[in-house]
């Protein structure tokens, strides 16, 4: 049996079936949890939630003298975005570590589901239907769990997308990068959730853009670009109509194209006049855009992308960009690099605490001008004398499908 109770009635031993109200009001990744200790009890009582639903079959009831309102399972409760049922964020930080190969497979599944979710939202907006946000919180929670098991796999997979799926996967990729950046910044549980949700929803305004312009294979005209520059404003309007969207998420939607020197759009904000989350969004949005294959251009190498972005003075918050680089590594997974031994290889994994000594899968000899047997070189190994002497632009070489060296098919 389910019961709706006031927050002040909660006690240890209760099983929370769901929180009533906005999905951002409660401080947990999971909307279902057993109250087992005083810390959990205190966090619920200190949250913005005023009511919640408990399941008497899985936990204790309120005290006899307390008045409760019974709730039927089919009751039309206030909308709550579902989140992962298995754990809270703090619990997920202690998930068992996963190998790069294993986590890449999980990451691919997350992106497949995320692509469909964003595609469905765009379709609903274009058709004027009520948008179903059910499951978005769960998606963000899965991203967080993936990054907890392995901090590199999800972010590396985020870069790989076909040009015809960019519009939808871009939002999922930015969400993954935002969750990673929020975690790297030591943000609180609700802030990490907001960061991921902001990434998922930051480009909803593109659903209001003419598809002929959105998917144009060539460079946009001045007039077409002016239309595209309206997508942050249009997206902000769309999210406002949904209701219960946190102010921070709305802000990222409206301001992810602002630049710290004030030359961005739509409001030409500058410096700290741009919110922290929107400054983060700007970095994540641009990185995914330039590293992705799009209808009118091939994506840049990840290491090349970071190098170029570092030269764009006035575009990004310098401290946040440096934090972003530390998160990805100087040579992110997928980067083509040249070793002192005159061999070429692809970075397949970062080594914790060492930005310059990743694991590299070597496959080509520059000296011999031919492929060599593929081998894994762990540059952090004290016995390994080889080192990276520079990055290489894949466009300068005839190699195809370098992703196969680090990403399972």
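The table that follows gives values for the structure above.
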{"quantity": "Set 380, 346: member being surrounded by 14 or more Cβ atoms within 10 Å (Cβ to Cβ), at pLDDT 95 or above and not assigned by TED's automatic domain parsing to the domain that holds residue 151", "calculated": "346"}
{"quantity": "Residue list for region 388-409, filter: more than 20 Å from residue 156 (Cα to Cα), surrounded by 11 or more Cβ atoms within 10 Å (Cβ to Cβ) and out of contact with any strand residue (DSSP E or B) (no Cβ under 7 Å at 6 or more places or on another chain)", "calculated": "397"}
{"quantity": "Checklist (1) under 24 Å from residue 128 (Cα atoms); (2) modelled with pLDDT of 95 or more applied to residue 247, failing item", "calculated": "(2)"}
{"quantity": "Region 198-218: number of residues that are out of contact with any helix residue (DSSP H, G or I) (no Cβ under 8 Å at 6 or more places or on another chain) and assigned to a helix (DSSP H, G or I)", "calculated": "2"}
{"quantity": "Of all residues making up region 120-160, the number that are surrounded by 16 or more Cβ atoms within 10 Å (Cβ to Cβ) and assigned to a helix (DSSP H, G or I)", "calculated": "22"}
{"quantity": "Counted residues, region 191-223 - those being farther than 19 Å from residue 239 by Cα and in contact (Cβ under 8 Å) with a residue 40 or more places away in the chain", "calculated": "7"}
{"quantity": "Strands (runs of 3 or more DSSP E) completely within region 270-366 that count 1 or more residues being within 30 Å of residue 216 (Cβ to Cβ) and in contact (Cβ under 8 Å) with a residue 12 or more places away in the chain", "calculated": "336-339"}
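The values are calculated or read from the model by the stated rules, or taken from the named source; none is laboratory data. Not measured: the values here are computed from a predicted model. Cβ: placed from backbone, ideal geometry, glycine included. Neighbour counts: every protein chain shown.
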